[in-house]
Each structure stands twice: as structure tokens, then as C-alpha cells.
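Take a look at the structure set out below.
Just so it is clear, none of the values below were taken in a lab; they were calculated from the coordinates. Keep in mind that what you see is a predicted model, and the values were worked out from it rather than measured. Every residue, glycine among them, receives a Cβ derived from its backbone with ideal geometry; neighbour counts consider all protein chains shown.
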Amino acid sequence: MVAKTKKARSSLSIRAAATALSPSVLRPHVRAGERLNAWVTPHTFRFISDISRFAPRSLISKLFLITLNSLAPKTREVYGAGLLRFHQFCDRLRVPESARMPASPALLATFCASWAGFIARDIVDNWMSGLRFWHIFHGADWRGDHLLLATVKKGVANMTPESSKRPSRPPNDNKGNSLGNPRVPRGQPVDVGHTGRNPYRRPWVRVALGYARVM
């Protein structure tokens, strides 16, 4: 009984340390769906500087707009959650800002390994997809295709806790399109990124414009 209590306390202490985020001007307090664009690194400013050599501010902001709009709003929120975990991990290990983007294969693999036994493989995959897009959005090379990271992911899958395993689901028999939406005819394209609002009024566009003014 005592051993189980100590193990539970150890698990809670690990999770508490993993959820601490150091304040930084590079990571303003924004909603999860806005972290991909609002959270920057020194590499971001070098990227903006390179673009500013040939493109005006209006075109730079449009570049960010179109790139971010390639994701559905819900996907941005999911990716933003993984980005939060990544920076919490980096803060805990005191990883320099310049080393977070482009992130090395060793850093990415160690980040994933730190969560082995706590989360399922699909969560790790979502987090890595979010980090990959974050790199793409800010013009950084993505180094997450390394064999080290692929091997660590397999290890995470083998150590998935029982509480994180999902029972198998019956096949989807909804009528309609392949996404299971009965209101959309099969074969008709679905625009998952369009919200019906003026995208140039979104807060993250102002952030992109701020990048251009800085440079």
C-alpha cells in the first residue's frame, strides 16, 4: 500500500513539473488555437527578415494567413496543446530558445520518451504533427523524420497505459459522405478551414503584421 502511494505521488510530481510554463515574451498568453502562429523563436525573426528582402508587409501577412488557414480550427487547437507540452518540457530542462526551432531529432525523441507510460501513441503522433506544422509555419527545417524518433514512438506505443487504450469501435454506417456527415452528399468537397468570417480580423493576423513591423 505504501509503495503504491509513493508511486502515485511520484507520478503526480512528474506531471506537475511537466505542466509548468515559464513566462516569455516569445510565448504570449493566447488560446490554444493561436499558439502555432503567436508562439515564436529567434528563428521566426530571421525567417521574416529573409522574406522582407523581396516581399512587402501585406504579402508577408497574407503568407501567414494562407498557411495557417490550411488547418481546420479544431486541428489548430489540438496542435496548440502539443506545442504547450513541448515548451513546458523545454522549460523544465532549460533548453535555449534557439534550440527549440529547428528542434533536433534528439530533443524531439527525448520529449516523446518523457511521456512514455503516461499517454498513448496517437497523442504523441498528434503532438509531433503539431510541432512539424509549427516549424513549417515559421520557415524552419523539420528534423522529425529521423529513425531515432520513429523508434521512440514504437516504444511509447508498447508502453501505452491500459487507461489510455480505446476499445474497438463498430464500423461507421452513417449515410452521406466519407466523413460521416449526412448533410453533405458523397463526393462533394468539404472546406474544413473556412469559418465564414473575415480572416483578416483574426488576432493572429495582427501578430503576423507585428512581425513585419519588427523587421
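In percent, what relative contact order does segment 24-103 have, based on Cα pairs under 8 Å that are 6 or more apart in sequence?
Reported as a whole number, the value is 45 percent.
Multiplying the sequence separation of N158 and D125 by 0.36 nm and subtracting their Cα-Cα distance, what value in nm do you get?
Full extension of this stretch gives 10.5 nm more.
Considering amide H positions built from the backbone, and no H for Pro or chain starts, which residues 5 or more places from A103, or on another chain, come under 5 Å of its amide H?
Correct list: R143.
If I model a spin label at S22 and L148 as a point 7 Å from the Cα along the Cα→Cβ vector, what separation in nanometres do I get?
2.2
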